[in-house]
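The values are calculated or read from the model by the stated rules, or taken from the named source; none is laboratory data. Owing to the predicted nature of the structure, the values given are computational and were not obtained by experimental measurement. Using ideal geometry, Cβ is built from the backbone for each residue, glycine included, and neighbour counts are taken over all protein chains shown. Accessible surface is based on the protein model in full, side chains and every heavy atom, while ligands, DNA and RNA are left aside. Shrake-Rupley method; radii C 1.70, N 1.55, O 1.52, S 1.80 Å.
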Amino acid sequence: MSQTNPYILVLYYSRHGATQQLAQLIARGVEQVSGMEARLRTVPAVSTVCEATADNIPDQGAVYCTEDDLRYCAGLAIGSPTRFGNMAAPLKYFLDGTSALWLSGALINKPATAFTSTASLHGGQETTLISMLLPLLHHGMVYCGIPYSESALLSTTTGGTPYGMSHTAGPDNDREISDSESQLCLATGKRIATLALQLSPLQPPQQKQPA
């Protein structure tokens with residue numbers, strides 16, 4: 001993938017794979033929009049052992065996100081499983097390290113959306129989405145939810161909220177992505193990609209991306 005092409009950064013942390021599946025579907029929706037690419041990235045787990053270090057490249061799945069991946073994105077879709085109604089610590093740890101981007105205003109006026117997976121239908125989906133929204137607002141990003149013009153938002157009996165995409169994985173994390181959830185993931189990807197193209201003239205000028 002060329003670093004000079006505009007892209008939506010689809011950044012996620014996934015423990016059992018459900019959030020990763022949402023990320024992949026959102027990325028598929030992004031790439032249905034001409035002129036925009038999707039860049040899948042993840043973050044390493046946070047170790048409770050101070051001396052432990054993670055490899056630079058994960059054994060499987062997307063590669064780890066860098067500051068430049070975030071700096072040069074045209075938009076951001078960020079996802080995490082629920083941890084007591086909040087985003088997971090690894091994703092929070094990554095966001096806590098983005099002060100340089102805040103100081104430079106690198107993310108101002110770029111669209112962002114959030115997605116999550118929970119074991120139960122009322123397991124904190126909306127508060128987890130909002131927990132990811134808060135630091136994005138501090139960065140000056142433009143939040144992109146799901147409008148009710150998406151019919152699946154009205155008919156879903158599983159995940160999906162106006163605050164962002166969600167999935168109900170079940171207590172054993174074995175529930176497949178429903179048709180409604182899949183439709184809403186694709187719609188989310190297409191919407192944020194479209195908004196990124198529309199908002200690009202409003203984004204502050206930045207230095208050229210590294211080759």
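Return the long-range amide H neighbours of Glu37 (sequence gap of 5 or more, or a different chain), with a cut-off of under 5 Å between placed amide H atoms. Residues meeting the criterion, in which the H sits 1.01 Å from N, are Tyr7, Ile8. Amide H contacts of Thr42 (H built 1.01 Å from N, in plane; Pro and chain starts excluded): Tyr12, Val63, Tyr64, Cys65 sit under 5 Å, all sequence-distant by 5 or more or on other chains.
Can you tell me which of 181-189, 156-164 comes out highest on packing, and rank the rest after it, using the mean Cβ neighbours within 10 Å? List each step's numbers first, then the result.
On the way: 181-189: 24.3, 156-164: 19.7.
Sorting 181-189, 156-164 by mean packing, highest first, produces 181-189, 156-164.
Which whole-number value in Å² is the accessible area per residue of the chain, probe 1.4 Å? Please list the in-between numbers first.
Values: 10650 Å² over 211 residues.
The answer is 50 Å² per residue.
Scoring 120-130, 10-20 by mean Cβ neighbours within 10 Å over their residues and listing the highest first yields 10-20, 120-130. FRET efficiency for the Asp174 to Glu37 pair, using the beta carbon distance and R₀ = 45 Å, is estimated at 0.90.
With an 8 Å Cα cut-off and a minimum separation of 6 or more residues, compute the relative contact order for the chain in percent. Relative contact order here is 26 percent.
Within the stretch 76-127, which chymotrypsin sites (Phe, Trp or Tyr not before Pro) sit in a loop by DSSP and count at most 11 neighbouring Cβ atoms inside 10 Å? Display every interim value, and only then the final one.
Numbers: sites: Phe84, Tyr93, Phe94, Trp102, Phe115; in loops: Phe84.
Filter output for the stretch 76-127: Phe84.
Solvent-accessible area of the chain (1.4 angstrom probe, protein heavy atoms only): carbon and sulfur portion equals 52 percent.
Evaluating 6.51 cos²θ - 1.76 cosθ + 1.60 at θ = phi - 60° for every residue in the stretch 36-45, the Karplus couplings come out as 9, 10, 10, 10, 7, 9, 10, 10, x, 5 Hz, glycine and proline recorded as x. Computed from backbone phi with θ = phi - 60° and the Karplus coefficients 6.51, -1.76 and 1.60, the 3J(HN,Hα) list for the stretch 85-93 is x, 9, 5, 5, 4, x, 6, 4, 4 Hz; x is used for glycine and proline. A simple charge model with +1 on the Cβ of Lys and Arg, -1 on the Cβ of Asp and Glu and nothing else charged puts the dipole of the chain at about 500 debye relative to its Cα centre. Amide hydrogen proximity for Phe115: with H placed 1.01 Å from N in the peptide plane, the residues at 5 or more positions away or on another chain lying under 5 Å are Ile78, Gly79, Ser80.
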